[in-house]
1. Take Val62 and decide whether it is touching a Cys at 6+ places or on another chain (Cβ under 7 Å) and of a type in the set (A, V, I, L, M, F, W, C).
2. Would you confirm whether any residue within the stretch 40-58 is closer than 19 Å to Met122 by Cβ, open to solvent by 60 Å² or more (accessible area, probe 1.4 Å) and assigned to a strand (DSSP E or B)?
3. Working only within the stretch 119-141, note down all residues that are hydrophobic (A, V, I, L, M, F, W, C) and part of a loop (DSSP other than H, G, I, E, B).
4. Go through the stretch 64-78 residue by residue and tally those that are crowded, with 17+ Cβ neighbours inside 10 Å, outside any strand (DSSP E or B) and not hydrophobic (A, V, I, L, M, F, W, C).
5. Among the residues of the stretch 142-163, how many are touching a strand residue (DSSP E or B) at 6+ places or on another chain (Cβ under 8 Å), open to solvent by 30 Å² or more (accessible area, probe 1.4 Å) and either in contact (Cβ under 8 Å) with a residue 40 or more places away in the chain or in a helix (DSSP H, G or I) (or both)?
6. Given the condition β-branched (Val, Ile, Thr) and over 23 Å from Ser163 (Cα atoms), answer yes or no: does some residue in the stretch 46-56 qualify?
7. When you check Lys74 against the structure, is it of a type outside the set (Gly, Ala, Ser), modelled with pLDDT of 95 or more and under 26 Å from Leu162 (Cα atoms), yes or no?
8. I'm trying to understand the selection: among the residues of the stretch 130-163, which are touching a Phe, Trp or Tyr at 6+ places or on another chain (Cβ under 6 Å) and within 26 Å of Cys54 (Cα to Cα)?
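The values are calculated or read from the model by the stated rules, or taken from the named source; none is laboratory data. Since this is a predicted model, take the numbers as computed values, not measurements. A quick note on method: Cβ atoms are made from the backbone with ideal geometry, for glycine too, and the neighbour counts reach across all protein chains shown. Areas reflect the complete protein model, heavy atoms only, side chains present, ligands, DNA and RNA absent. Shrake-Rupley method; radii C 1.70, N 1.55, O 1.52, S 1.80 Å.
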Amino acid sequence: DKSNGKANPRVVETKYATQDVVIADIIPTEDGYAVSNNGIGDSTAGIQKALNDCAKNGGGTVYLPAGTYAISGKIVIPPYVTLRGDWQDPDQGTEYGTVICIYGESQDKYEPGKEVIEGTFMLGGSGGVVGLTVYYPEQSLDAIRYYPFAFYTDGNGNNYMLSTVKNVTVLNGFRGI
């Protein structure tokens, strides 16, 4: 890990058109975090560290450029921090931009009332995710895996309001939001 934990705000040129200007405080693939956008290796810890560093700097945006990021655990989006990707609307093209491949745990069977409520991305208050495609590569019709929610908030403490999930595509999930 070669990150210094400091924000370096900059305008990002995205691959896909956006309706706004993207300003990134931290870009983990460029700023020395252990994050890979080629789908090889586990980027969970590097993404989480970038989000935590962004929160320590007072909030802002952690930007993941187009590519594939493998994660295996929970990602906590702190209050006042946004995890942003480069998203292509699936109705407008054939690519997905920033893809998060989730290799997380799932339940063996679905039992209403006993399901796991927590999910992969826990959203803090006034925090969010924008422009991501979330993909569950181990899910199939022949072997359904009962994953928890992709995005959730527990509604406690600093997590009680104003979380954002915008321009997100969920592929092969069991539950979305």
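1. yes
2. yes
3. Once the filter is applied, which keeps residues that are hydrophobic (A, V, I, L, M, F, W, C) and part of a loop (DSSP other than H, G, I, E, B), the stretch 119-141 yields only Leu141.
4. Within the stretch 64-78, residues that are crowded, with 17+ Cβ neighbours inside 10 Å, outside any strand (DSSP E or B) and not hydrophobic (A, V, I, L, M, F, W, C) number 2.
5. Of the residues in the stretch 142-163, 2 are touching a strand residue (DSSP E or B) at 6+ places or on another chain (Cβ under 8 Å), open to solvent by 30 Å² or more (accessible area, probe 1.4 Å) and either in contact (Cβ under 8 Å) with a residue 40 or more places away in the chain or in a helix (DSSP H, G or I) (or both).
6. no
7. In short, no.
8. Gly131, Thr133, Phe151
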